[in-house]
There are 2 protein chains.
Amino acid sequence: MAEPMFAVDIAPDRSDIDAAIAKLCDSLPPLPSRLAEAIRYTLRGPGKRLRGMLVTTSYRAAGGGGDVSGLAAAVEMLHAYSLAHDDLPCMDDDEMRRGRATTHKACGVPATVVAGVAIIPLAARAAADAVGGMHRGAPRVAPIVATLMQAAGASGMIGGQLQDLIAENTPADSLEKLERIHRAKTGALMAASCKVGGMAADAPDTSVQALGSFGADLGLAFQIVDDVLDVTSSSAELGKTAGRDAELGKSTYPALLGVDGAMDRAIALARQGCRTLNEHNLLSQELRHLADLVITRTH
Amino acid sequence: MAEPMFAVDIAPDRSDIDAAIAKLCDSLPPLPSRLAEAIRYTLRGPGKRLRGMLVTTSYRAAGGGGDVSGLAAAVEMLHAYSLAHDDLPCMDDDEMRRGRATTHKACGVPATVVAGVAIIPLAARAAADAVGGMHRGAPRVAPIVATLMQAAGASGMIGGQLQDLIAENTPADSLEKLERIHRAKTGALMAASCKVGGMAADAPDTSVQALGSFGADLGLAFQIVDDVLDVTSSSAELGKTAGRDAELGKSTYPALLGVDGAMDRAIALARQGCRTLNEHNLLSQELRHLADLVITRTH
């Protein structure tokens, strides 16, 4: 993809999101210490904060002028929970993530199961607090929380996780099936990130849908690049175990299309997402920059 | 406890709740089939529906005249999820529950982990739909859903589960600590059941608090009786593995107070709960009957 015409600096968003996550970790309700530790360990893991930045940049693209770092943090909480559960021994059984031990290796399996579940209502509360505290935010709380919960739920992220797991050790067959899994597993939360950004800015429904469509396409592109990096990178570069997909016998895009074919598909999806935004006058430099990052990232 | 002065028939409530659960199972969103199966298996397990009946009877005691079986079903969904996760190999590792194989024995561990998590937003949605559909229910949706989620969350039910697990294989030491665990694990959701019943009836805050206090006391009484039954009953009578607490080296009330001492404590708690309700003119025959059932139940 072409470089953005102007330099775009979204690093401050990332710092704000990290600060919001740190604040949430410091103000957990009274909890058993092992549970609080596992929640904090899960939430504080370093990360790209891509989903959170999709919230903040979608919010601004839709005309929002306030601070939505709390809402972005809520999305990152849901993402962090999904990673912790995805790495469980009964799921993908991974020991390394984001350059450090996975939550279950550091805090034990039971605390990880419970912490993961506990994060969902904490994220719902964080989103409700963030939106409810905005100017005329109250009526937007319920639809925004519902959108996030649906994306995180059975028909979204965690449904995709289980489909992904079931697909292990079955031959990489149809691209259509793989796309359905990836769209649920990764696309649903990315689409929701963009949608709630627009909803928080009180954007019209057509804009919210366009942002959601962009996020869904970008989510699938992200997952395709993930598949590619799993083949082409080392564990040190990724901060997680490389070559894991092949080890688990998973269907992947490079297995079906080859590395180049997979990358072509990812680029086409990112372009398609940007085109949708452009048609709705929502393609900001920032959102285009995030689309670029998804394609050019190396970890 | 004394028998209620008049016969009370709450069996229709139970049928309504079962019907509401069945309807929810029939109208799940499109999901991977293994996930849908595990969700249905978990939700459809036979049960006393005590928590659901605390919702319906608290609602009526607070003056409600409509149908809250959908809200009661939402509470039962949260309870069912907690049982499925509690029985996981990484938690209490149980194979039998409610007279049948536990969810992870029937549907596998990964599907059980994911189904459990998936049930939380489904329950939130079911509660929101039930309350939102009531006459002037809309403003009550958010506080009712928040109350349920908090009870199910880290500082409530699942926090208690983890504390309970951590307490395994440590000597039964202080009654205070055990009470704190039991109140979180069982009391939080029972208190919330009573509270949301009152909230759905638009009861004043003092009444909601009194109902919550009754539910919390009854929840602790319930858990004490659970501990007693684990010692005194057979697996066939319980529908789950008897003697499991001792096997797991858990602190229990009978271990600390003896069977009679434990039952005395349970009865005192149920009386205390009823007294609180009576002081607020909320002690209906139905609620007194449920308090009796908690003490006299044999499984």
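Listed values, structure above:
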{"quantity": "Long-range amide H partners of B:R97 with built H, under 5 Å", "calculated": "B:T102"}
{"quantity": "Rounded to the nearest 20 debye, dipole of chain A from Cβ charges on Lys, Arg, Asp, Glu", "calculated": "680 debye"}
{"quantity": "DSSP H segments from chain B that extend 27 Å or more along their own axis, Cα-based, with Kyte-Doolittle mean of -1.0 or above", "calculated": "B:109-132, B:205-232, B:253-279"}
{"quantity": "Pair B:T206, B:Q272: separation of 7 Å Cα→Cβ label points (nm)", "calculated": "2.2 nm"}
{"quantity": "Using a Förster distance of 22 Å, the FRET efficiency for A:A11-A:R297 (Cβ separation, nearest 0.05)", "calculated": "0.90"}
{"quantity": "Helical contribution to [θ] at 222 nm, DSSP H n ≥ 4, -39,500 (n - 2.57), averaged over chain B, rounded to 500", "calculated": "-22500 deg cm²/dmol"}
{"quantity": "Per-residue mean of C-beta atoms belonging to partner chains within 10 Å, peptide A:146-157", "calculated": "5"}
{"quantity": "Shielding of B:28-37 by partner chains, average beta-carbon count, 10 Å", "calculated": "5"}
{"quantity": "Ascending list, in nanometres, of distances separating the A:N278 label from those of the other copies (7 Å, Cα toward Cβ)", "calculated": "7.7"}
{"quantity": "Exposure proxy ranking, count of Cβ atoms within 10 Å, fewest first, for A:E95, A:E286, A:E176", "calculated": "A:E176, A:E95, A:E286"}
{"quantity": "Teacher prompt: A:G243 distances to equivalent labels in other copies, 7 Å Cα→Cβ, nm", "calculated": "5.0"}
{"quantity": "Simple label model, 7 Å out from Cα along Cβ direction - A:D93 to A:S235, nm", "calculated": "1.5 nm"}
{"quantity": "Other copies of A:A19: label-to-label distances in nm, shortest first, labels 7 Å along the beta-carbon direction", "calculated": "5.5"}
{"quantity": "Gyration tensor verdict on chain A (Cα atoms; rounded if a/c is under 1.5, prolate if a/b is larger than b/c, oblate otherwise)", "calculated": "oblate"}
{"quantity": "Lysine pair count for chain B [Cα-Cα under 15 Å; pairs on different chains or 8 or more apart]", "calculated": "5"}
{"quantity": "Radius 10 Å from Cβ of B:P89, net charge of other residues (Lys, Arg +1; Asp, Glu -1)", "calculated": "-4"}
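No lab work stands behind these numbers, since they all come straight from the coordinates. Just so you know, these numbers come straight off a predicted model, no measurement behind them. All Cβ positions, glycine included, derive from the backbone under ideal geometry; neighbour counts span all protein chains shown.
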